[in-house]
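Let me begin by presenting the structure, written as structure tokens, before commenting on it.
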Amino acid sequence: MTMPASITLSRLGWSAPDGAAVLSDLDFTFTRERIGIVGRNGVGKSTLLSLIDGSRQPSAGRIHIEGTIATLRQTVQVEPDHRIADLFDARAALALLDRAEAGNATMAMLADCDWTLPARIEAALATTGLDASPQTPLARLSGGQRTRAALAAAIFARPDFLLLDEPTNHLDTEGRRALADMLAQWRAGAIVVSHDRALLETMEAIGELTTLGLARYGGNWSDYRARKEIEQDAAAQELDHATRRLDQVARKIQLTAERKQRRDGVGARIGAKGGMPRILIGARKNQAETSGGQAARLADRLRAEATEAEQLARARVEHHDDITVALPPARVANGQRIVTLGRITAGYDPAHPVLHDVSFSVVGPERVAIGGANGSGKSTLLHVIAGSLSPLSGTIALHVPAALLDQNVDFIDRQASIADNFARLHPDIGHQGVRAALARFGFRADLALQRAGTLSGGELLRAGLACVLSGQVAPPLLLLDEPTNHLDLDSIAAVEAGLRAYDGALIVVSHDRAFLDAIGIDRHIAVD
């Protein structure tokens, strides 16, 4: 009899190479449903998916899988000669079809031909909204287009479980809509690690991964938030009650001890004056010792019970460090010229420019969102403005200093620590200033000494934000390329608050509508 598809975690654990425990004693069962996995950066969400698909091995426990799985990772790795067909493992099969159509195949080869393969691949690509052929080089695709192609390859074999790691990070609005539509029609299991609130609203369940474990909540994101708020309030009240009870027990024990000490003192003074028979003095002494022993045992029991209750209540409350994004003043005046672009054409391949004849200007503390489909050149435009890419034609005048936070946080040296990266970029800030700035972004004490290459995607972006936003003087122009990619929801809220208070100019590439609304965008510019 065929068992129903499921993935079961039994006391699952995984530790980093330095021995630090990332996941511990996870017990959970995934069934054929769409479940969103949420949690703070660095808690182990991507690690969990890599353990399930076998690319990492657990340090403890086991994983039992009934059925087949396919994985979409955060970043699609691209080799120079790879094509879309390679994502489908179909290069050899398509080459055989080419030989057959050219009349160069033997009868045995013809028997192995899958004549429907090209059409099925193109249909899978269309499902994710990508209009491309299997022979398209991956290097010619944008990050969002690669994500669409990899997603199409993941669903192509109709696995029992899709493992999707931040699938909307590089997708444009159309791509996000295509993903949501595809998942709405998906009848197998889907485990979706995401911070995308719109995508999480389409889930059938939410799994929250914290330092306390993996907990399941029925319903979508809104249902989870409502239930979570009730749980957090209840846990906080329980902890407060247990803490007050422990204090009350400690005060009562202290008061009882002080009373006994006073009574014993009075009896000792009476005995010393000779006003009491020696036999009565002895009897009272024995009685005091007996009652004192009973009181001590009672005090120990009450203290132990109250301490245990307080520890249990504290264990139900997740403890984490909040981040604070506070930018120094940029002092950009109304009407001040920021940047002017005149008929810019640009791209990394002069034979295939992605930007054509782009013109606009930004003045004062204006907030501009750059929109457009995947591959339209939005990230390229930011690099042109920042000066890291020269235009093929046209003019650009950058009138103020600018800072660019790109999607890959390329300015961070992966071999150096977070603190060393920050100090390199801000040599005028002393050791204590470096530590204080990083602490505001959640990198306190030894966390600031982590090597950047060991960080999760969200932690790396948070480190990049700290380096860009925490100088002694804020840049008059901030260029942000998908700044919410990889960030957990609490970090996004902190970044939103910091950018709302920023008094400089912003040019932002983002498909996160809630984020753009939160930071008060003044103008939308589309590139195509």
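The values are calculated or read from the model by the stated rules, or taken from the named source; none is laboratory data. Since the model is a prediction, treat every value here as computed from it, not as a measurement. Using ideal geometry, Cβ is built from the backbone for each residue, glycine included, and neighbour counts are taken over all protein chains shown. Please note that ligands, DNA and RNA were not included when accessible areas were found on the heavy atoms of the full protein model with its side chains. Shrake-Rupley method; radii C 1.70, N 1.55, O 1.52, S 1.80 Å.
Quick look at the numbers
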read-out: Within segment 11-61, tally of residues that are touching a Gly at 6+ places or on another chain (Cβ under 6 Å), closer than 26 Å to residue 200 by Cα and among the hydroxyl-bearing types (Ser, Thr, Tyr); value: 1
read-out: Enumeration of residues in segment 472-528 that are of a type in the set (Val, Ile, Thr) and out of contact with any strand residue (DSSP E or B) (no Cβ under 8 Å at 6 or more places or on another chain); value: 473, 484, 492, 495
read-out: Filter result for the condition that a residue is out of contact with any strand residue (DSSP E or B) (no Cβ under 9 Å at 6 or more places or on another chain) and either under 24 Å from residue 186 (Cβ atoms) or without any contact (Cβ under 8 Å) to a residue 24 or more places away in the chain (or both), over 9, 87, 51; value: 87
read-out: Residue satisfying all of: in segment 64-83; farther than 21 Å from residue 137 by Cβ and not in a loop (DSSP other than H, G, I, E, B); nearest to the chain's Cα centre (by Cα) among these; value: 71
read-out: Within segment 115-143, considering residues that are of a type in the set (Val, Ile, Thr) and open to solvent by 50 Å² or more (accessible area, probe 1.4 Å), the one farthest from residue 172 (Cα to Cα); value: 116
read-out: Residue 164 part of a helix (DSSP H, G or I), in contact with a Leu (Cβ under 9 Å, 6 or more places away or on another chain) and open to solvent by less than 20 Å² (accessible area, probe 1.4 Å); value: no
read-out: Candidates 98, 86 - the one that is among the acidic types (Asp, Glu), in a helix (DSSP H, G or I) and open to solvent by 70 Å² or more (accessible area, probe 1.4 Å); value: 98
read-out: Exclusive hit being touching a residue at least 12 places away in the same chain (Cβ under 8 Å), out of contact with any Pro (no Cβ under 9 Å at 6 or more places or on another chain) and not in a helix (DSSP H, G or I), set 483, 475; value: 483
read-out: Residue match in segment 411-419 (condition: open to solvent by less than 20 Å² (accessible area, probe 1.4 Å), in contact with an Asp or Glu (Cβ under 8 Å, 6 or more places away or on another chain) and not β-branched (Val, Ile, Thr)); value: no
read-out: Matching option when the condition is more than 19 Å from residue 402 (Cα to Cα) and either open to solvent by 20 Å² or more (accessible area, probe 1.4 Å) or touching a helix residue (DSSP H, G or I) at 6+ places or on another chain (Cβ under 8 Å) (or both), among 494, 466, 501, 452; value: 452
read-out: Meets criteria (at pLDDT 85 or above, part of a loop (DSSP other than H, G, I, E, B) and surrounded by fewer than 23 Cβ atoms within 10 Å (Cβ to Cβ)) for residue 433; value: no
read-out: The one condition in (1) over 27 Å from the mean Cα position of the chain (by Cα); (2) among the charged types (D, E, K, R); (3) closer than 30 Å to residue 48 by Cβ that residue 160 fails to fulfil; value: (1)
read-out: Every residue from segment 324-358 that is open to solvent by less than 70 Å² (accessible area, probe 1.4 Å) and part of a strand (DSSP E or B); value: 338, 339, 340, 341, 342, 344, 345, 346, 355, 358
read-out: Filtered residues of segment 504-528 (kept if open to solvent by 10 Å² or more (accessible area, probe 1.4 Å), outside any loop (DSSP other than H, G, I, E, B) and small (Gly, Ala, Ser)); value: 514, 518, 526
read-out: Unique match (being open to solvent by 50 Å² or more (accessible area, probe 1.4 Å), closer than 30 Å to residue 458 by Cα and in a helix (DSSP H, G or I)) among 146, 176; value: 146
